[in-house]
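A.B. asks: The following block contains the structure, expressed as structure tokens.
Bear in mind these aren't lab numbers, they're just calculated from the coordinates by the rules spelled out. Note that the structure is predicted; figures quoted are calculated from it, not measured. Here Cβ is always computed from backbone atoms with ideal geometry, including for glycine, and neighbour counts include all displayed protein chains.
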């Protein structure tokens, strides 16, 4: 059997009605909402075919049908393929002027949870591909160096390191100029071993200190991947859906939603998808498809956002399998657009 146009219309009608009501859908409802001029007997035959093909299931004898995971997958894929569809349900996100990117992200994840009525998450941006603007060195005390690293987007990181020599002000200034000549304008990935070898040679008797500085710079950037925070909101929204209120299911889901390590695993996977495929990282995980254990009773919708300057993060929505995928996908796309606009609008403060 093939999934012809008539079966597709009936399948979508079943899914849309189930998303709205949470109740099994019968032939009378399909006849009313599908727009097909078919008899109840014909509709029942088509439903039987869809059930045999694995797109719908009958939870109880004499009951209507509900979507299977295969049915949800078809529905989600059909939405995602319609790349030219206009955003019609997502409301304009009004983002107040903020001083820090972290505050903006916290505000947006709350808006996402309220707008979708599901649980939501958003990660802070990774800086591994961000370019270095400049490095400032100073010596607060003997055998100590203060490193102030400024990345594109005016993101500032600092660290005090120990060195094995006591440097005067002039030497510190010369090292600052020398190292900036090598690393300024480059991301960590673009700094080659050949560049570092040349830097060591030019540093002369201070090569060990130069190496310590470069190692510290690398650590400051790479540590960001492990330490970047993931902000969440709307966890209690899951209790609004009967299929998720079972004590054991709810406990596992809340635990997974609050477990930063598990969420970081999810963020890393979505980020890798975006890098490998050159896309937005927009993904829908149904049930056990996702990387996070204890979320097999839910659906996850995730996407990447990019703020420029090599800063990339992940947003996500967690809800029941019967979530309103169309609204969620539209809302996330709109949020990504609004985040980019807000970031640029608040460029002087947010960065």
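A.B. asks: Once fully extended, how much extra length lies between residue 146 and residue 114, figured as 0.36 nm per residue of separation less the alpha-carbon to alpha-carbon distance? Please report the intermediate quantities before stating the final value.
C.D. replies: Numbers: separation 32, 0.36 × 32 = 11.52 nm, distance 4.34 nm.
Extra length available between residue 146 and residue 114 comes to 7.2 nm.
A.B. asks: Taking square-rooted eigenvalues a ≥ b ≥ c of the alpha carbon gyration tensor, is segment 5-79 rounded, prolate or oblate, where a/c under 1.5 means rounded and, failing that, a/b exceeding b/c means prolate?
C.D. replies: Since a/c stays below 1.5, the shape of segment 5-79 is classed as rounded.
A.B. asks: If we sort 325-334, 68-77 on the protection proxy, mean other Cβ atoms within 10 Å, highest first, what's the order? Don't skip to the end; give the middle numbers.
C.D. replies: Values: 325-334: 21.1, 68-77: 18.4.
Packing order, densest peptide first, comes out as 325-334, 68-77.
A.B. asks: Sticking with this structure for a sec: When the Cα centres of segment 118-195 and segment 6-56 are compared, how far apart do they sit, in Å?
C.D. replies: After rounding, the separation between the Cα centres reads 61 Å.
A.B. asks: Then there is this: Hey, quick one: spin label on residue 21, modelled 7 Å out along Cα-Cβ, who in segment 52-75 has an amide N within reach, i.e. under 19 Å?
C.D. replies: Residues 56-68, 72 fall inside that zone.
A.B. asks: Put a dot 7 Å past each Cα toward the Cβ at residue 32 and residue 211; how far apart are the dots in nm?
C.D. replies: With each label placed 7 Å out from Cα toward Cβ, I get 7.8 nm.
A.B. asks: Which distance in nm do the two modelled labels at residue 2 and residue 169 give, with both placed 7 Å along the Cα-to-Cβ direction?
C.D. replies: Label at residue 2, label at residue 169, 8.3 nm between them.
A.B. asks: Under the 0.36 nm per residue contour assumption, what length would be gained going from the current alpha-carbon distance of residue 162 and residue 218 to full extension?
C.D. replies: Additional length available on full extension: 18.6 nm.
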